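A.B. asks: The structure under discussion is supplied below as structure tokens; questions concerning it will follow.
Values quoted throughout were computed directly from the atomic coordinates according to the rules given, and no laboratory measurement underlies them. Bear in mind that the values here come from a model prediction, so they are computed numbers and not experimental data. Virtual Cβ from ideal backbone geometry, glycine too; neighbours counted across all protein chains shown.
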């Protein structure tokens, strides 16, 4: 073969398009047909926005419901001595410390009935305790029972050793104590037994444990020195990892009292725990179903848009083929355009869906939850459908001879 023949063959060999050239060629249709491109991207955007909204809003609602159910004590167990035992059963002094060693346990609070009466003053009937209970309390009680202070302060390692009390909300009302500010004096006081105790705090209502509302809480050391308390707790409040509540409940009796586990009673997990787990399962199924429907609708819209777009441009395909463009270049051009449209629509849809979800969650004061996995799955699925829907018709058009492509326009 002569040198001129080799040169002619090299000149006839198809030119490989550079990445930037291919990108510019693929975006040509978007730049020249802006309205059509915007409408095509809008179809993708609506599908993606639908996925984000129908997953984000239920997920935010679920998070709020889970928060409310968790507030009902789904991770909380109550330990007491078995009633009606002869002689009366008692919990060991070291019970709280032993329970704290259980791996999944996160908090342990303890109280003990001191079997003393509280009065507003020394002029009140010594036998009238106003239906209130005087409890010795450990310092970690508040987080264990989910209680909060309404006024004043909680017991500290210092005040727990002195005659100081914190009143439950009902106890404060019955004793006529409206505040803890004593001005220049020692503050308001109540009488427990024959000793005066200074009120240092008042609790807000504790919905889970109304018995705390009717209690007068004294520091553990002060109850021992001032009220003759023997140091044995009567009730333990145990919080654990929610997933391990049943396992913790099973080992509590033997942990609290290894010698007499039958003397220990442990409350059943809150019925809200079962409701929470059922709700989680229901919401998970609902989210999957909604996401699948939204993705299907969005995919159909993308496919229809890309098929119509390619069919309308068969004249352009035939002309480019007549001017020497290869089938691979035709396919690459439309693949690039379909990917660009899908990305543009996906980003727009994710932004619109995220804004709608944020606004709705903020309006209802819900925690914001945007499931990343569902959003990425929807975006990836719509992108894949858009690419397939754009490539397939372009492959058929690229396979036609230029004359047939031009004649079919």
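A.B. asks: Of 199, 158, 238, how do they rank once you tally other Cβ atoms within 10 Å and put the fewest first?
C.D. replies: Values: 199 23, 158 9, 238 29.
By the 10 Å Cβ count, ascending: 158, 199, 238.
A.B. asks: Among the DSSP beta bridges whose two residues both lie in segment 76-270, what percent are antiparallel, rounded to the nearest 5? Kindly include the intermediate steps, with their values, before the conclusion.
C.D. replies: On the way: 29 of 38 bridges.
Taking every DSSP beta bridge within segment 76-270, about 75 percent pair in antiparallel fashion.
A.B. asks: Taking 8 Å as the Cα distance limit and 6 or more residues as the minimum spacing, I'd like the relative contact order of segment 76-270 as a percentage. Intermediate values should be presented prior to the final figure.
C.D. replies: Values: 426 pairs, mean separation 70.3, N = 195.
For segment 76-270, the relative contact order is 36 percent.
A.B. asks: A further question on this structure: Assuming a ≥ b ≥ c are the square roots of the Cα gyration tensor eigenvalues, decide whether segment 112-153 counts as rounded (a/c under 1.5), prolate (otherwise, with a/b larger than b/c) or oblate. Can you show the working numbers first?
C.D. replies: Numbers: a/c = 3.15, a/b = 1.90, b/c = 1.66.
Here segment 112-153 falls in the prolate category.
A.B. asks: Testing the spin-label approximation: label points 7 Å from Cα along Cα→Cβ at residue 307 and residue 355. State their distance in nm.
C.D. replies: 3.2
A.B. asks: Using a Förster distance of 60 Å, how high is the FRET efficiency between residue 113 and residue 347, based on the Cβ-Cβ distance and rounded to 0.05? Let's see the in-between values first.
C.D. replies: Details: r = 64 Å, r/R0 = 1.06.
Between residue 113 and residue 347 the formula returns 0.40.
A.B. asks: Turning to a different aspect of this structure: Determine the gain in length on full extension of the stretch residue 27-residue 39; use 0.36 nm per residue of separation and subtract their C-alpha separation, reporting nm with one decimal.
C.D. replies: Numbers: separation 12, 0.36 × 12 = 4.32 nm, distance 1.52 nm.
Length gained, residue 27 through residue 39: 2.8 nm.
A.B. asks: If you take the beta carbon distance between residue 262 and residue 225 as r and set R0 to 41 Å, what does 1/(1 + (r/R0)^6) give as a FRET efficiency, to the nearest 0.05? Can you show the working numbers first?
C.D. replies: On the way: r = 33 Å, r/R0 = 0.81.
About 0.80, to the nearest 0.05.
A.B. asks: Report the FRET efficiency, 1/(1 + (r/R0)^6), for residue 315 and residue 373, where r is their Cβ-Cβ distance and R0 is 30 Å, rounded to 0.05.
C.D. replies: Values: r = 43 Å, r/R0 = 1.43.
Rounded to the nearest 0.05, the efficiency is 0.10.
A.B. asks: Give the order of 363, 237 when sorted by the count of other beta carbons within 10 angstrom, beginning with the fewest. Numbers along the way, then the final one.
C.D. replies: Working: 363 8, 237 26.
The order, fewest Cβ neighbours first, is 363, 237.
A.B. asks: Among 334, 197, 351, which comes first, then next, by fewest other beta-carbon atoms within 10 Å?
C.D. replies: Numbers: 334 26, 197 22, 351 14.
Exposure proxy ranking, most exposed first: 351, 197, 334.
A.B. asks: Here's something else I'd like to know. Shape call for segment 76-270 from the C-alpha gyration tensor, a ≥ b ≥ c root eigenvalues: rounded (a/c under 1.5), prolate (a/b greater than b/c) or oblate? Kindly include the intermediate steps, with their values, before the conclusion.
C.D. replies: Numbers: a/c = 2.14, a/b = 1.68, b/c = 1.27.
Judged from the Cα gyration tensor, segment 76-270 comes out prolate (a/c at least 1.5, a/b above b/c).
A.B. asks: If each of residue 162 and residue 395 carries a label point 7 Å out from its Cα toward its Cβ, how far apart are those two points in nm?
C.D. replies: 8.5
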